[in-house]
Every structure is written in C-alpha cells, then in structure tokens.
1. Starting from residues that are modelled with pLDDT under 95 and of a type in the set (Phe, Trp, Tyr), keep the ones in segment 16-74 and report whichever is most open to solvent (accessible area, probe 1.4 Å).
2. Taking Gln90 as meeting all but one of (1) assigned to a helix (DSSP H, G or I); (2) within 22 Å of the chain's Cα centre (by Cα); (3) surrounded by 13 or more Cβ atoms within 10 Å (Cβ to Cβ); (4) modelled with pLDDT of 95 or more, write down the number of the exception.
3. With the condition kept exactly as written, say whether any residue in segment 100-119 is over 16 Å from Tyr29 (Cα atoms), touching a residue at least 60 places away in the same chain (Cβ under 8 Å), of a type in the set (S, T, N, Q) and open to solvent by less than 90 Å² (accessible area, probe 1.4 Å).
4. Which residue pairs have Cβ atoms under 7 Å apart, sit 6 or more places apart or on different chains, and have a first residue in segment 133-145 that is open to solvent by less than 50 Å² (accessible area, probe 1.4 Å) and a second that is part of a loop (DSSP other than H, G, I, E, B)?
5. Of the conditions (1) modelled with pLDDT of 95 or more; (2) within 13 Å of Trp44 (Cα to Cα), Lys85 satisfies every one except a single condition; which number is it?
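The values are calculated or read from the model by the stated rules, or taken from the named source; none is laboratory data. Note that the structure is a prediction, hence the values are computed from the model and not measured. Positions of Cβ are generated from backbone atoms using ideal geometry, with glycine treated the same way; all protein chains shown enter the neighbour counts. Please note that ligands, DNA and RNA were not included when accessible areas were found on the heavy atoms of the full protein model with its side chains. Shrake-Rupley method; radii C 1.70, N 1.55, O 1.52, S 1.80 Å.
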Amino acid sequence: MIGKTICVIGDTQVRPGLSLDYLEHVGRYIADKRPDVIVQIGDWWDMPSLSSYDKGKASFEGRRVKEDIEAGHEGMRRMMEPIKKLQQSQRYFKKKVYSPRMVMTLGNHDERLDRAARDNPELVGFIGTKELNIEQYGWEVHEFLKPVNIEGINFVHYLANPMTGRPYSGSAAGMLKTVGASFVMGHKQVLDVAIRTTLEGKNQIGIINGSCYEHHEDYKGWQGGNAHFRGITMLYEAKDGFALPSFISLDFLRERYGNND
C-alpha cells in the first residue's frame with residue numbers, strides 16, 4: 001500500500017471584513033487533487049470579539065460575536081462549494097463520489113467561544129464550539145489540543161508542555177526530538193519542517209504550518225513579521241508515521257484559480 005494523501009489547512013483565522021476568495025481557491029485545489037483526508041488544524045475562526053488581548057483598546061470597539069461566527073461560516077461555505085459541485089457532478093454522471101475523511105482539530109481562537117461560556121455560565125447552550133455545528137459541513141470535530149493520529153502522524157493545533165499546558169517553543173526539529181513522534185501542527189505563523197530517523201530505522205516528520213490566510217496582522221510590525229509562508233500542506237504516501245510533504249502557497253492558488261471562473 002502506497003499510503004494516503006492528506007491535505008492540511010493551517011490557521012485561517014477568518015473574521016469579518018476579509019476577502020474570502022482564497023478559501024474558494026483552496027476548495028478548488030482540493031476538488032482537483034482529491035486527497036484521501038482533509039485536516040483543518042484549528043483556528044478556523046478568529047473570534048476577535050472575544051479576544052482578551054485587545055479588550056479595552058480602541059481596536060476592540062464595534063466587534064460582535066455574531067458577526068465573527070457568521071464570517072467563519074461564510075468562509076466554510078466558500079471553501080466547500082467547489083467540493084460539493086464536484087460531488088454533485090459525480091452523482092449526476094453516476095461516478096464514484098469523492099468522499100474524503102474531514103478532520104478539524106480545534107484551535108485556541110475557536111476555543112474562545114468555550115472559554116466565554118465557562119466564564120459566563122448563563123451563556124452555556126447559546127455560545128460554544130458545539131453551537132457552531134461544524135459537523136454540518138462533514139467535519140469530524142476534535143477537542144482543543146486532543147491529538148488525532150492519522151497514518152501514524154499526530155495532528156493537533158499545537159504541542160503542549162504536559163507540565164504547564166503551554167505551547168512548546170522552538171523549532172520543529174526540537175519539538176520532534178521532545179515528543180518523539182511524528183506531528184503536524186499550526187498555531188505558529190511559520191513553515192518549519194524536520195525529519196529524523198529513529199534508532200529502529202523508522203522515519204519521523206514534524207511540520208509547523210500555522211498560516212493559511214492572506215491578511216497581515218498589525219501586531220507583527222514592519223520587520224518581517226508578516227513575511228511568513230501562507231498556504232496549505234499536502235502529505236503524500238502517508239503511512240507508518242511518515243509522509244512526503246509538498247507546500248502550496250496561496251499565491252500559487254490565486255494564480256491558478258483566481259481568474260478561472
């Protein structure tokens with residue numbers, strides 16, 4: 001068996017006021033390539049209205065939870081539309097319908113909804129990640145920081161120090177050595193890849209791809225902070241804890257699909 005193909009979508013951090021065209025480009029690429037598994041690594045929603053960092057600042061004014069939630073749903077609809085069109089066409093022509101496994105590992109921005117409910121018990125049942133009903137789009141949704149093992153590779157929003165619960169710092173190589181198992185994570189706005197061979201002769205891989213959005217973050221400033229890679233990761237021949245990675249930039253997807261209506 002050659003192994004599975006896995007498409008990993010990093011942090012999208014969808015919020016109101018952003019162009020969502022790139023998500024349709026991602027959906028069209030998926031419909032073309034038809035990976036066996038699609039993983040969204042978390043932070044699909046940005047939820048700036050629930051940010052504890054900006055509260056009390058001028059930038060916080062005018063933010064609304066409802067608008068934040070709807071922006072994420074609109075982004076999801078845009079990405080899923082090309083995939084649904086493919087499936088409808090296959091049904092019409094009585095072909096085998098593309099039906100990938102779709103896995104979402106919730107991120108800390110998504111989890112802001114659950115934190116708001118915990119801090120305000122009167123909101124339980126009205127606000128939270130369960131109330132987003134992400135499953136309606138076909139995703140299996142996994143709790144924040146719960147690793148999901150697919151073909152021996154652990155997918156999770158970020159790797160956490162078990163003593164503190166805080167994200168591990170450092171490079172992919174350092175994290176791979178620390179946790180001792182293959183992983184793919186988001187959270188950090190970098191592209192970092194590490195491969196190592198164990199004493200038993202098995203290959204392991206660690207990938208950080210925490211950015212699948214086009215907007216710039218003001219807090220990163222002018223000194224290269226917004227120059228990080230933006231795109232998706234394709235993992236080919238995934239099996240036994242290893243895969244061959246390929247990285248597809250949003251620039252490429254815009255060039256490929258932006259004027260191809």
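1. Only one residue tops the list, namely Tyr53.
2. So Gln90 meets the others, but not (2).
3. yes
4. Filtered contacts from segment 133-145: Val141/Leu106; His142/Leu106.
5. That leaves (2) as the condition not met.
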